[in-house]
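Let me begin by presenting the structure, written as structure tokens, before commenting on it.
Derivation of every value follows stated rules applied to the coordinates shown; laboratory data play no part. Remember, it's a predicted structure, so these values are computed and weren't measured experimentally. Using ideal geometry, Cβ is built from the backbone for each residue, glycine included, and neighbour counts are taken over all protein chains shown.
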Amino acid sequence: MTFKKGLSLRVPVACVILLIVILTSAFVSFFSFTANRDIVAAGNTFAVTMLMVAVALALVFFALAMLAANKIFTKPLRTWNSRSINELDWHGHPEKQCDIVPEPMPHGKILAVDDMKTNLLVVKSMLEAYELDLEFCGSGMEAIDKIKQGNVYDVIFMDHMMPIMDGIEATKIIRGMGYTHPIVAFSANTLKDHEEMFMSNGFSGFISKPFDKYRLHAFLERFVKNKSA
């Protein structure tokens with residue numbers, strides 16, 4: 001959002017000029033009040049003077065507000081290009097969030113693992129714009145079977161909390177099979193010590209739930225787009 005520079009400067013200047021006129025009128029009214037011995041007329045003059053002073057103060061605050069708005073809204077917007085996960089803070093958000101524009105990556109192959117079908121639908125809707133080759137499974141055991149079959153993915157998105165076998169156990173087994181490609185955890189736990197826990201158990205990173213589209217975008221750029229560059 002921006003204001004035109006000429007308009008943003010003319011408004012405060014006009015306010016200052018009007019302020020000078022009102023203050024001048026206020027001083028004239030004040031001296032008229034001291035010179036006028038008629039009590040009624042003096043009372044009316046004083047009331048008018050106070051009204052002018054109040055209007056003048058209101059204009060001062062308005063002019064200051066316009067100057068502050070000019071400083072805020074005339075700054076150019078910056079776009080965010082996530083070349084590295086290091087650009088993200090530990091909550092999973094970039095330092096400066098801007099709307100992202102998904103870039104097609106048809107060469108990328110992704111596996112999403114979650115026991116909740118609704119979560120898989122959400123992930124699918126978020127990834128469709130990237131035109132990726134998507135596969136889904138509902139448990140860690142299914143993911144292990146896919147790797148046993150020789151499938152290789154640019155990224156495996158693995159849910160942390162799943163029944164029977166959680167994401168950490170499944171990832172340990174997959175890593176034990178010699179699989180070295182990126183595995184990223186889905187987790188509702190966003191504390192920093194949880195991130196360290198994932199990293200020490202074979203994960204390449206994590207995405208918080210509700211699904212963080214900024215961090216998801218960053219992982220895709222790092223592991224899919226930049227891989228082909």
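Once you have the Cα-Cα distance between ALA188 and MET116, take 0.36 nm times their residue separation minus that, and quote the gain in nm to one decimal.
24.6 nm
Between beta-carbons, use under 13 Å as the cut-off and find the net charge around PHE136, counting Lys and Arg +1, Asp and Glu -1.
Its environment carries a net charge of -3.
At what distance in nm do the modelled label points of GLU135 and LYS213 sit from each other, each positioned 7 Å from its Cα along Cα→Cβ?
Output for this residue pair reads 2.8 nm.
So what's the net charge close to TYR179: Lys and Arg +1, Asp and Glu -1, counting the other residues with Cβ under 13 Å from its Cβ?
Neighbourhood net charge equals +2.
Which entries of LYS148/LYS213; LYS124/LYS227; LYS117/LYS213; LYS109/LYS148; LYS172/LYS225; LYS148/LYS172 show an alpha-carbon separation above 24 angstrom in the structure shown?
LYS148/LYS213; LYS172/LYS225
For a protection proxy built on the mean count of beta-carbon atoms within 10 angstrom, sort 106-118, 213-225 highest first, please.
So the order, starting with the most tightly packed, is 213-225, 106-118.
Counting Lys and Arg as +1 and Asp and Glu as -1, what is the net charge of the other residues whose Cβ lies under 12 Å from the Cβ of PRO102?
That works out to -3.
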